[in-house]
Ligand SMILES: *Cc1c(COP(=O)(O)O)cnc(C)c1O
């Protein structure tokens, strides 16, 4: 018996599970409407800023796919949670510094934010060294916002090719974060188009406010935080 585990659920934890069920249902509905099965769309529960106490009920409910945006923060909670729930899949959805590539490759199953040659080089080196290859997604800055990571849409084809040919990496898909002020759908459609013409199967797009739209436009992974865990 885990001494940290609460014997009864708090109302906040119960609310989280209710919201999780609603988001799951929304994902399933959108998947079916887009001609896919619910299993073909992966819901990443974004647990950044939430501690193990908030995350544990979601694990207890059987969910196993989580997203964090900081390597350091993820190390503060996930190694221990993984001792209890060994089949957790962890996604890094935030910017990655090259000097954290080693830690990221060791902890994460999927890295969504490959966006520059220096990081591609660092990841290639660590994957080789560790003998462990997380699934890699390339972030595209579809809104070309200066403060956001990601390759510009016009540079995406070239960067994908560079990852493959220069660094021997095999990116599996693309990720984007549309500008908060824009309608997201054109960004999702652009990301899908870039993925298709480069033979990439995975699309990480859609957050709390727009995950259903993203699924309708082909998302294979949605990253949902506040709609499940509450406001940060
Ligand atoms: C925080 C975050 C999310 C989740 O955002 P919500 O609006 O809380 O669902 C998704 N993607 C990235 C990259 C994030 O940093």
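Here, each number is a calculation from the coordinates, and none is a lab measurement. All of these numbers come straight from a predicted model, not from anything done at the bench. No Cβ is skipped: glycine too gets one built from the backbone with ideal geometry, and neighbour counts run over all protein chains shown.
Okay, here's what the table says:
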{"item": "Residue 227 assigned to a helix (DSSP H, G or I), within 12 Å of the ligand (Cβ to nearest atom) and buried (at least 22 other Cβ atoms within 10 Å of the Cβ)", "result": "no"}
{"item": "Lone unmet requirement of (1) assigned to a loop (DSSP other than H, G, I, E, B); (2) in contact (Cβ under 8 Å) with a residue 24 or more places away in the chain; (3) more than 28 Å from residue 21 (Cβ to Cβ) for residue 199", "result": "(2)"}
{"item": "Condition met for residue 215 (part of a helix (DSSP H, G or I), surrounded by 16 or more Cβ atoms within 10 Å (Cβ to Cβ) and within 16 Å of the ligand (Cβ to nearest atom))", "result": "yes"}
{"item": "Residues that are surrounded by fewer than 20 Cβ atoms within 10 Å (Cβ to Cβ) and within 14 Å of the ligand (Cβ to nearest atom), drawn from the range 39-49", "result": "42, 48, 49"}
{"item": "Matching residues, the range 160-182, being surrounded by fewer than 19 Cβ atoms within 10 Å (Cβ to Cβ) and either assigned to a helix (DSSP H, G or I) or touching a helix residue (DSSP H, G or I) at 6+ places or on another chain (Cβ under 9 Å) (or both)", "result": "161, 162, 164, 165, 166, 168, 170, 179"}
{"item": "Residue match in the range 59-78 (condition: within 16 Å of the ligand (Cβ to nearest atom), touching a strand residue (DSSP E or B) at 6+ places or on another chain (Cβ under 8 Å) and in contact (Cβ under 8 Å) with a residue 60 or more places away in the chain)", "result": "yes"}
{"item": "The range 199-212, subset over 11 Å from residue 26 (Cβ atoms) and surrounded by fewer than 18 Cβ atoms within 10 Å (Cβ to Cβ), residue farthest from the ligand (Cβ to nearest atom)", "result": "199"}
{"item": "Test: residue in the range 177-185 that is in contact (Cβ under 8 Å) with a residue 60 or more places away in the chain and under 15 Å from the mean Cα position of the chain (by Cα)", "result": "no"}
